[in-house]
Amino acid sequence: MKIEDFKNKNTLNIPEDYFETLHSKIVSKSCNSKTTATPKRKRVLGWKSIGYAASIAIVVFIGGFIYNSNSGNSHEIVANEEFYDKDYIENMLNNYPIDDYTFYCYLTNTNMN
Amino acid sequence: MAESNYNEKMITMQLKDENLRSAAFSIVVKQYSQKIYWHIRHMVLSHEDADDIVQDTFVKAWANIDKFRGDSLISTWLYRIAINETLNFLSKNRISTVSIETSEGAIAKQLESDVHFNGDRADALFREAIQRLPEKQRLVFNMKYFEEMKYEEISEILDTSVGALKASYHIAVKKIEDFLSNKD
């Protein structure tokens, strides 16, 4: 047998009117469905956007925490500065009779007893 | 039947226009559905399988219509989708390559019992010989022998050199003739 012997033999059949129905089946299946580009346009937030938002939220949270920690220290510094305020000390020296030892204890915050 | 006044350039432009796209695609289906169906049918043999795959091919083409830039012919693009769909189908159904263990004549016997096959024993054996070819060789053989495509067209679709296609076709012919000569 040579392969040319089979060349013009149509041995594979199709049902009657198959191609007429195939066209309408394909068109109704495809043209009624959306193309891939359409849903992409409708997407408002993607996973990347959510990731960026989460990263920003973490940075803001950590930044706020550090800021608050620093703010707490600054209050202590202010309090100490008030404690060693020059005007306050001069006022004490001029108006209240205190000896050198009492003044030393006051400045060093030590117990006089 | 295919449209006699089919204009490839015009249809390609209309496919890019959202308002004209559906009508243009309907013309494309009318123009190419038969060719694509027969291409698939020669690969899978079963009408029911070919029917499913040809529909999936056009549905996928429509879903990805935005990616078609018109760099290639519409037919080339459709053939590529059809080939991918067919090879995926064969792979999933594990009938892509006929194993050595499959007894000779088994495929022919199965084909003879198919209501959509009207050939004799020799025709069935010829189809079996083709089914025993590796997928790529089978594609090349079918496109050249049944669809009478030029090597240049096949080269464009399969992205393979003309020389390699000629070699592949001649090897396929030799294998089929060897298989058939053992059945004489």
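Quick note: the coordinates plus some simple rules give every number you see, no bench work behind them. Remember, it's a predicted structure, so these values are computed and weren't measured experimentally. Reconstructed Cβ throughout: ideal geometry from the backbone, glycine too, with neighbour counts over all protein chains shown.
Quick notes on this structure:
- Counting lysine pairs in segment B:5-100 whose alpha carbons fall under 25 angstrom apart, excluding pairs fewer than 8 residues apart on the same chain, gives 14.
- Using C-alpha pairs below 8 Å separated by at least 6 residues, the relative contact order for segment B:32-140 is 26 percent.
- Computed [θ] at 222 nm, helices only, for chain B once each DSSP H run of length n ≥ 4 contributes -39500 (n - 2.57): -22000 deg cm²/dmol
- Restricting attention to segment B:101-184, the count of lysine pairs at 8 or more positions apart or across chains with alpha carbons under 18 Å apart stands at 14.
- The peptide list B:134-142, B:65-73, put in order of mean Cβ contacts within 10 Å with the highest first, becomes B:134-142, B:65-73.
- In range of the label at B:Lys109: residues from segment B:16-58 whose backbone nitrogen is under 13 Å from the point 7 Å along Cα→Cβ: none
- Axis of helix B:135-145 versus longest Cα principal axis of chain B: the two differ by about 80°, to the nearest ten degrees.
- The A:Asn10 and B:Lys183 beta-carbon pair, evaluated with R₀ = 22 Å, returns a calculated FRET efficiency of approximately 0.55.
- Separation of the B:Ser91 and B:Tyr6 label points, Cα + 7 Å toward Cβ, nm: 2.9 nm
- Spread over its residues, the convex hull of the C-alpha atoms of chain B is 126 Å³ per residue.
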